[in-house]
Structures are given as structure tokens and as C-alpha cells.
Amino acid sequence: GAELNYEIVSYHEHRPILNLRQVGPEDNFVAICNYARFSRIPVDHYIISISMQRKTIVDDSYQTIAQYDPFLTEELGKYAYVPTDRRWFYKFSGQASFFNKKYMQIVLNATNAGYRDAGVYRCKMTPENSENPWLSDIFELETRAPLIVNIHSVGPGNSFTAHCDKNMFASSLNKVIVSLELQYRELGSNDSFRTLARNPSKNPNSFIPVGRKWKVYFDQTFPEHDTFSALGITLTVSDAGCEDAGEYRCARLVQGSTTYEFSNVYKLIAKEPFLLNDLIVTPKSNFVPFASLSHFGDTVTMECTYRGPKYLKHQWKIDEGRFLDDVLGQNYAYPKGQASLTKDTDNCSTYFYSKNLIFRIKTTLNITYYCVVDNNGEESSVHFTVLVSQDGLRSYNEMTNAAPTNENPIIDFPLLSAIIATTLLYMKSRTITD
């Protein structure tokens, strides 16, 4: 056919077809097809019909889920391909006009969406006297990975469920799952994961630890559209406690493979109190509680104390999150710290930690040291600034206690600035942590 002249729809990138990027059970979404969903449109053409199409995981080709042809009567198919088995609501706009291309629109409100609606969506416009319909950019609606465990933290008296099915995996292509497992290991452990449940299995509860009130159910997930694998595992824990904190994951063995594939790991943390107590420094000045005025060659000892679960991770850092290796000329000693364990009546473990840092000052720089503790991805810190007195200048106490004179006193402005900055840093940290 003749070459068509196109006009560019400059704002189409800001008009996605759907208002969701991921879909899961009981979701709602809105899909819109109109002129703004296309990157370019032929000039001087009117529209015979507009369609909304998609290709899901079980489709070999695009399926039309709505079509609007304003030039037809309802009996002849003005509204076509609308599913009757879904709680979907449509609104159609646009007239049987020669100037209708910017006014044709389909709006779908899907109120009972689920995993089966994941797929690739696109819009299609059919112009007059054209063998080739216009197709929009595609929009991919992904499955929303459900949580393996339905709570974030666990403690005495809690209950929770853990679940595995095909939707827990990044790739849910048409693979037949021949074995599905729910697996676990302790937080911060390098041990192998152990199996809590396996489907299929003659006894669903065969992996349950002795004395625990657990129950395992084997289920089938969405069998009406899940044509390739419907295995599922649900574990209910009615007597949960701190000991159930850990890393949970799903594992699947697919047909034709000899190795298991794994889902992302879900971290269930314990409701054990975490407290970063203090940073004790020797020697310490009296003029501020969070800094010391030292001299070149002095030996400084720092002790950081904190308590909480055993998977806490500790690091020493300096300004702006840098590591101690960035301090030129300084050598640091890290005496072996202590970690003492106590357990309360609910079997929740609390560890008391003491971490030390010792060094001799070999720089004239004023450096703020941070004791940083990582509590399962959330960092907390306390800090202390070592102010180095410059040679030839009076000490801070001498300057502040000197009798007033008419002469301008000798003031170490970098040192004074460091004290002010450290004070502000201290006030800011207290505002955050308190």
C-alpha cells in the first residue's frame, strides 16, 4: 500500500496501559486503550475499531479481551469479545465519525484480578482502508511474588503460616514441578537449608520437629487455569517463638532437571530487643561527652557495647561511612570482643556484645569514629570524635580558662570548628535515636 504519514504522540511514555506493574490474588486494576497509548499514529485516518489485547502465560498468541466498533450496531458486534465469566466492567467512548481517532477509548476495570491476569497487554486500532492495524507499545503485567511467611517478626505467643507454590519463583514458565519443598535455616547461619515439608510426600508432617504444634497441608493453587503444575505447601505454626526466626525459602524440582531451583529468601526476624548502648573512649575530655582532645602519639581505646540477637553484625567506620583503611598512616588493633548469651523464660536469646578498637594517634586530622551495628539490614550507630591538639597551641582548657585580655587570643579555628560540628552531629543523632 501507499506509504503513510505519521504523527508522533510525544506523551505516550507517560500513559501506561495498566495502573499496576504486578498482580496477585484479589487485586483490582484499570486498563485503558486510546490514542495516547501509541507512540505514533498515521495522519488523516479515522478509526473503524479499537481493541484491547493480551497474551497470558497459557496463550500462544494475543487474545482480544474487548473490541469497540462504533460503526456497527450492538447486534452486529459494536461491543465484542467481552468476557462474561469475570467481574469486569467496561466503558467505551468515541463516535462513528471521520474525526474520531483521538476520542476512541476502552476503559476496563478488573475487580477480581489474580495471577491468571499476568501477561503482556497491548492496544490495537484498525483504521479505514488499511490492511495493517496500528499496535501500541506492549505493557507487561508481572505476577506479584507473594510472601513465603505472613509475618515480619516472631516472638512468644505468635502464630504464622508459611506457603510455597509456583508463584514464589522468578520464572514461572510452563514447567511441570515434580517436587516442591519449604526450607529453613537460622538467621546468620552458613549451614545448609533443611526441609520443613515436601510435596508430594506420603506423610505431609514427616519433617516436623518433635514436640512442635505444626501442621502441613498440601494444596492446589488456582487449578482452573494452572494447567502445568498445581503443587502447593502450607505450614501453620501455632506455637511460634523466637527460635522460629530464620531464613525461609521454596525449592522446586522441574521435569527434566536433576537440580532444585530456589525462590528468594524470606527473613523472619525475632522480636528480641536490640539496643546499641554506648561508645566508651579512653582517654576522655570533660568538656563534651562525645569527643576527646588528644595529642599526637596518644593511645586511644574505644569500647562499643550493644545487645540483641546473635546475627547482629558490627563494623568500625569513620566519617561519611568510610572504613578505617582510608585513614593514612594509622594502624588499628581489634582485640577479640566478647559476646555473652542470656535466655529469658520464653527461650528468646539475647547476646551482650563488647567490641574494642585501640590505636595510637599518628595523624593531625580530627576524625569521627562510628560503631555501626547491622540488625538484619537496618543500621544503627554511635559515634565519638577524636580531636587532635595542634603543636604550639594552648590546649582547649587553657584557652577557655584564660583571663580576658585586650590581645587577640590564639585560637585553633579548625579545632573550634570541629567542636561545633561535632556538637551539631551529636544533637542530630540524639534527635534521631531518642
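Worth a mention:
- Legend: ranking of residues LYS271, LYS355, LYS91 from fewest to most surrounding C-beta atoms inside 10 Å; resulting order LYS91, LYS271, LYS355.
- Taking amide H as placed 1.01 Å from N in the peptide plane, the amide H of ASN150 sits under 5 Å from that of THR161, each at least 5 places away or on another chain.
- The 3J(HN,Hα) values that the Karplus relation (6.51, -1.76, 1.60; θ = phi - 60°) gives for segment 309-321 are, in residue order, x, 6, 8, 4, 10, 10, 9, 8, 9, 10, 3, 6, x Hz. Gly and Pro appear as x.
- Residues whose amide H lies under 5 Å from that of ARG144, counting only those 5 or more places away or on a different chain, are VAL23, GLY24; hydrogens are built 1.01 Å from N in the peptide plane.
- The phi-based Karplus calculation (6.51 cos²θ - 1.76 cosθ + 1.60; θ = phi - 60°) puts the 3J(HN,Hα) values of segment 103-117 at 10, 6, 7, 10, 10, 10, 10, 9, 9, 10, 6, x, 4, 5, 8 Hz, whole numbers, x for Gly and Pro.
- Couplings 3J(HN,Hα) of segment 298-304, computed from phi: 5, 9, 10, 10, 10, 10, 9 Hz, in residue order, whole Hz [Karplus 6.51 cos²θ - 1.76 cosθ + 1.60, θ = phi - 60°; x for Gly and Pro].
- Cα-Cα over 29 Å, subset of LYS175/LYS213; LYS213/LYS313; LYS267/LYS355; LYS284/LYS355: LYS175/LYS213; LYS213/LYS313
- Nonlocal amide H pairs with ASN376, under 5 Å, H built at 1.01 Å: LYS313
- A protection proxy built from the mean count of other Cβ atoms within 10 Å ranks the segments 100-108, 59-67, most packed first, as 100-108, 59-67.
No lab work stands behind these numbers, since they all come straight from the coordinates. Predicted, not measured: the structure shown is a model, and the values here were computed from it. Positions of Cβ are backbone-derived with ideal geometry, glycine not excepted, and every protein chain shown enters the neighbour counts.
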